[in-house]
Amino acid sequence: MTPQPPPPLGLLAELTHRCPLRCPYCSNPVELSRASAELDAATWGRVFREAAALGVLQLHLSGGEPAARRDLPEIVAHAAEAGLYSNLITSGVLLDAERLSALAAAGLDHVQLSVQDAEAQSADRIGGMQGGHARKLRFAEHVHAAGLPLTLNAVVHRQNLDRLPELIELALTLGAGRLEVAHVQYYGWALRNRDALLPSRAQLDAATEAVIQARAAHQGRLVIDYVVPDYHAKRPKACMGGWGRSFIAVSPAGRALPCHAAESLPGFDFPNVRDRSLADIWLHSEAFQRYRGTDWMPEPCRSCDRREQDWGGCRCQAFALTGDAANTDPACAHSPHHHLLDLAVQEAAVAGTDFIYREIKRPAVAEG
Amino acid sequence: MTPIGPATIPRFARGMRLREDQARSRWVVVGPERLFVPDEIALEILRLMDGTRSVDAIVDDLASRFDAPREAIANDVLALLRDLATKGVVTS
């Protein structure tokens, strides 16, 4: 019998896939949900209450761009009533001072603002939105004025990593208490754009050094979260802290996922929060059980003494690179597929910089 | 940043909240993407951190309730708060 899993700590609520930005590394699935399929605010409220009862403490309101929903204040109020710590993960381009203060009044705890670069022209090109960067800077001022704590999230890759020192300066200028330097993770949209995004080893080493120096220089003022990216790592990340161990994502259409990218995995019937309670999904659904714990593991994970530290790494990356989600994450040096990562880095080094931008597919006209 | 001393009035940094975690029968400090689980002594200290008490006042309160030399308590309190300040949990 499988032992009872620990209660989940975090819930990622992807409120919508709509977004005015078109970032070529978007973590949303390549098949995006349409607005008509989105859960309504009352259903999110029920999900939040179920999550809190189950042990969730932290709620991430994300998307797409969550502010594309007009009922966002109502959703935030539901989170506050449920007693969850709410973090708004936003591009900042749709929220003016008035809408933001409505969110603060509804009980929002924290804002995480993404930027695409430190330099406007490049940032607007990467995000695929003219004037987007300037709007983000104005939004950060609104966050400050509303008295909300701010994290700046900088997604980094080959085309902006050299400006990491400027991104750190930007975080300080905007009054962020925390900077998350997030290397692109390569599945979904980002995998399609991998050749244009993978950084070189030299770039990565310079960035790591910049983070070490900045952490010392700004200790107590700016916390910098930074993790070495998989393609240059020897050990995989404990993706999501292990499958079905501490985290639940819910897609705009209500599908509950052990990881927000898991919809890219074939052969799953992910449970929907419209049909089942979150507790039932967490404890009993096949999807959350499949890679939970260590029983599912192949070698070299099965006999590895780190199997309960990294939990086999990322299932989505294993599938994307080896074709089998149950394989050891190729980010691990013990994986028989580890050489694929070096190959990708070599290929990217001689590749161009053009992007395939994220887009919501138009419905097919002559279907069926 | 000024280091935390006896006269400092410490408080939680913006976005940090001390709350009960009923599902796991404990108290935690939650923040953005972060979670701190204070031990029993740290929890006593954090509960006294209300934005009006100074470090000295917190130490006085603890010294009146626990059987330990005031100086030892003061050292523990300062060490904890300084550590939490470098982690961005506590501010002065």
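The values are calculated or read from the model by the stated rules, or taken from the named source; none is laboratory data. This one's a predicted model, so the numbers in the text were calculated from it and none came from an experiment. Neighbour counts run over all protein chains shown; Cβ positions are idealised from the backbone, glycine included. Note: accessible area is taken over every heavy atom of the protein model, side chains too, but ligands, DNA and RNA are not part of it. Shrake-Rupley method; radii C 1.70, N 1.55, O 1.52, S 1.80 Å.
Quick notes on this one:
- Here the average projected area of the convex hull drawn through the C-alpha atoms of the stretch A:60-124 stands at 4.5 nm².
- Residues with amide H under 5 Å from that of A:Thr151, placed H, sequence gap 5 or more: A:Val111, A:Gln112, A:Leu113
- Stokes-Einstein diffusion coefficient of the stretch B:25-67, Kirkwood radius over Cα pairs, 25 °C, 0.890 mPa s, in µm²/s: 212 µm²/s
- Cα-based shape type of the stretch A:114-170, given that a ≥ b ≥ c are square roots of the gyration tensor eigenvalues and the cut on a/c is 1.5: oblate
- Separation of the A:Arg138 and A:Asp295 label points, Cα + 7 Å toward Cβ, nm: 5.6 nm
- Of every Cα-Cα pair in the stretch A:32-92, the percent that sits beyond 18 Å: 32 percent
- Antiparallel bridges, percent of DSSP beta bridges restricted to the protein assembly as shown (to nearest 5): 30 percent
- The phi torsions of the stretch B:55-70, fed into the Karplus equation with coefficients 6.51, -1.76 and 1.60 and a -60° offset, translate into couplings of 4, 4, 5, 5, 5, 4, 4, 5, 5, 6, 10, 10, 8, 8, x, 4 Hz, rounded to whole numbers, with Gly and Pro shown as x.
- Debye, to nearest 20: dipole size of the stretch B:11-87, +1 on Lys, Arg Cβ, -1 on Asp, Glu Cβ: 440 debye
- The label-point distance for A:Ser200 and A:His334, in a model that sets each label 7 Å from Cα toward Cβ, rounds to 3.3 nm.
- Using just its DSSP H runs of length 4 or more, each adding -39500 (n - 2.57), chain A gives a mean residue ellipticity at 222 nm of -9500 deg cm²/dmol after division by all residues.
- From phi via Karplus (6.51, -1.76, 1.60), per-residue ³J(HN,Hα) for the stretch A:218-223 in Hz, x at Gly/Pro: 10, 4, x, 10, 9, 8
- Cα coordinate range in the stretch A:1-41, projected on the principal axes (Å, largest first): 45, 27, 18
- A P(r) calculated from all alpha carbon pairs of the stretch A:108-237, with 5 Å bins opening at zero, reads 2, 10, 20, 23, 20, 15, 7, 2, 0 percent.
- Computed E for A:Gln219/A:Arg276 - FRET, C-beta separation, R0 30 angstrom, nearest 0.05: 0.05
- Working note: Karplus 6.51/-1.76/1.60 with θ = phi - 60° gives the stretch A:156-162 the couplings 10, 6, 4, 8, 9, 5, 5 Hz, where Gly and Pro are set to x.
- Highest average first, the peptides A:27-36, A:58-67 ordered by how many other beta carbon atoms sit within 10 Å of their residues are A:58-67, A:27-36.
- Where the Cα pairs of chain A fall when distances are cut into 20 Å bins, in %: 28, 61, 10, 0
- The alpha carbon radius of gyration of the stretch B:11-87, expressed as a multiple of 2.2 N^0.38 Å, is 1.11.
- A convex hull fitted around the alpha carbon atoms of the stretch A:32-176 yields 121 Å³ per residue.
- Remark: accessible area buried at the A-B interface is about 1800 Å², both chains counted, probe radius 1.4 Å.
- Amide H contacts of A:Ile224: A:Leu179, each under 5 Å away and 5 or more positions distant or on a separate chain (H built 1.01 Å from N in the peptide plane; Pro and chain starts excluded).
- Coarse-grained scattering of the stretch A:190-301 at q = 0.19, 0.20 Å⁻¹, given as base-10 log I(q)/I(0) from a Debye sum over alpha-carbon atoms: -1.05, -1.08
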